[in-house]
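**Student:** I'd like to ask you about the structure that follows.
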Amino acid sequence: MQTKQQAFLIEEIWMLTFGGAFQHSGIYKANTKERERTYFRNMLRGYIEHTVLDNYKKEVTDQQHIENIIAICEYTTNFEEVLKAPINIGISQKLLNLALKYYWCLGILPEPPHFPVDRIIQLKIYKQPLVNWTQLTCTDAYMQIVKDVRVLAKKDNQSVAHWELVNFDRRVV
């Protein structure tokens with residue numbers, strides 16, 4: 001793929017990633033100007049691209065992945081003028097896992113260790129009660145969903161990332 005084509009797709013990926021991670025989350029303070037939101041997203045994207053994603057060029061353990069999710073949460077403490085609060089575990093995992101999924105599908109990075117946890121995938125695994133992923137503040141509930149999918153993925157002889165890719169269907173919900 002040519003550099004301009006890849007750059008275009010990566011721009012689109014980040015637009016989708018931020019949209020997916022921040023939808024219904026209400027992270028911004030009232031009356032925050034769009035240029036301030038854009039600055040925050042650009043800084044966060046830069047942090048993830050230049051600090052976090054390099055870790056995924058090789059296999060990453062669950063613990064390393066969780067540490068990266070937490071590091072993203074901690075990075076957002078630098079933006080108290082824009083955010084109501086630093087982003088939580090649920091929003092951070094969705095942001096990182098979506099980016100990793102897109103980069104994997106484009107062949108830029110290897111298969112990610114997890115998948116974006118959201119309502120759609122919980123409905124697919126019939127997880128009851130559903131966990132409001134935008135409200136997750138600890139990694140325990142997140143990891144329980146990953147473990148539940150591991151059981152299903154193992155039955156299908158698949159990784160969790162591949163299982164989610166095959167079973168995710170936005171149109172069903």
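**Student:** How much length is gained if the chain between Asp140 and Ala7 is pulled fully straight, taking 0.36 nm per residue apart and subtracting their Cα-Cα distance, in nm to one decimal?
**Tutor:** 44.3 nm
**Student:** Any chance you could run the full-extension gain for Leu165 through Tyr47? It's 0.36 nm times the residue separation minus the Cα-Cα distance, nm to one decimal.
**Tutor:** On the way: separation 118, 0.36 × 118 = 42.48 nm, distance 2.58 nm.
Taking Leu165 through Tyr47 to full extension adds about 39.9 nm, to one decimal.
**Student:** Looking only at Gln122, Gln93, Gln135, which one moves most when the chain is put into a Gaussian network model with springs between Cα atoms under 10 Å?
**Tutor:** Gln135
**Student:** I'd like the Karplus ³J(HN,Hα) series for the stretch 123-128: coefficients 6.51, -1.76, 1.60, θ = phi - 60°, whole numbers in Hz, and an x wherever there's a Gly or Pro.
**Tutor:** For the stretch 123-128, the Karplus-derived couplings read 5, 5, 8, 6, 6, 10 Hz, x marking Gly and Pro.
**Student:** Which loop-located chymotrypsin sites (Phe, Trp or Tyr not before Pro) does the stretch 82-169 contain, where loop means any DSSP state but H, G, I, E or B and the Cβ has at most 13 other Cβ atoms within 10 Å?
**Tutor:** Of the chymotrypsin sites (Phe, Trp or Tyr not before Pro), the ones in loops of the stretch 82-169 whose Cβ has at most 13 other Cβ atoms within 10 Å are Tyr126.
**Student:** So which of Lys29/Lys127; Lys4/Lys94; Lys4/Lys84; Lys33/Lys58 end up more than 30 Å apart by C-alpha?
**Tutor:** Checking Cα-Cα distances, Lys29/Lys127; Lys4/Lys84; Lys33/Lys58 exceed 30 Å.
**Student:** Given a 10 angstrom Cα cut-off, can you work out which residue in Thr32, Thr134, Thr76 is the most mobile in a GNM of the chain?
**Tutor:** Ranking Thr32, Thr134, Thr76 by mean-square fluctuation puts Thr32 first.
**Student:** Taking Cα pairs under 8 Å and at least six residues apart, what relative contact order does the chain come out at, in percent? Provide the component values of the computation, followed by the final result.
**Tutor:** Details: 169 pairs, mean separation 37.1, N = 173.
Taking the mean separation of contacting Cα pairs over the length of the chain, I get 21 percent.
**Student:** When Rg and Dmax of the Cα atoms in Å is calculated directly from the model, which label among (i) 15.9, 49; (ii) 19.2, 66; (iii) 28.4, 89 fits?
**Tutor:** Of the listed options (i) 15.9, 49; (ii) 19.2, 66; (iii) 28.4, 89, (i) comes from this structure.
**Student:** I would also like to ask the following. For a quick check, take a GNM of the chain with Cα springs below 10 Å and name the residue from Asn31, Asn68, Asn157 with the largest mean-square fluctuation.
**Tutor:** Between Asn31, Asn68, Asn157, it is Asn31 that shows the largest mean-square fluctuation.
**Student:** Same structure again: Given 0.36 nm per residue, what is the gain on full extension from Lys29 to Glu67 after removing their alpha carbon distance, in nm?
**Tutor:** 11.0 nm
**Student:** A follow-up question, please. Cα-based Rg of the stretch 97-173 per 2.2 N^0.38 Å, rounded to two decimals?
**Tutor:** 1.06
**Student:** Taking H as built 1.01 Å from N, whose amide H comes closer than 5 Å to the amide H of Tyr28, not counting residues under 5 places away?
**Tutor:** Those qualifying (amide H under 5 Å, at least 5 residues apart or on another chain) are Lys84.
**Student:** Check every DSSP H run in the chain and write down those whose alpha carbon atoms cover 18 angstrom or more along the long axis and whose mean Kyte-Doolittle hydropathy is 1.0 or greater. Mind dumping the intermediate values first?
**Tutor:** Values: long enough: 3-22 (28 Å, 0.47); 34-47 (19 Å, -1.69); 62-75 (20 Å, -0.23); 89-105 (23 Å, 0.53); 139-155 (24 Å, -0.14).
Length and hydropathy pass: none found.
Any read-out appearing in this document is the output of simple, stated calculations on the displayed coordinates, not a laboratory observation. If you're wondering where the values come from, they're calculated on a predicted model, not measured in any experiment. A quick note on method: Cβ atoms are made from the backbone with ideal geometry, for glycine too, and the neighbour counts reach across all protein chains shown.
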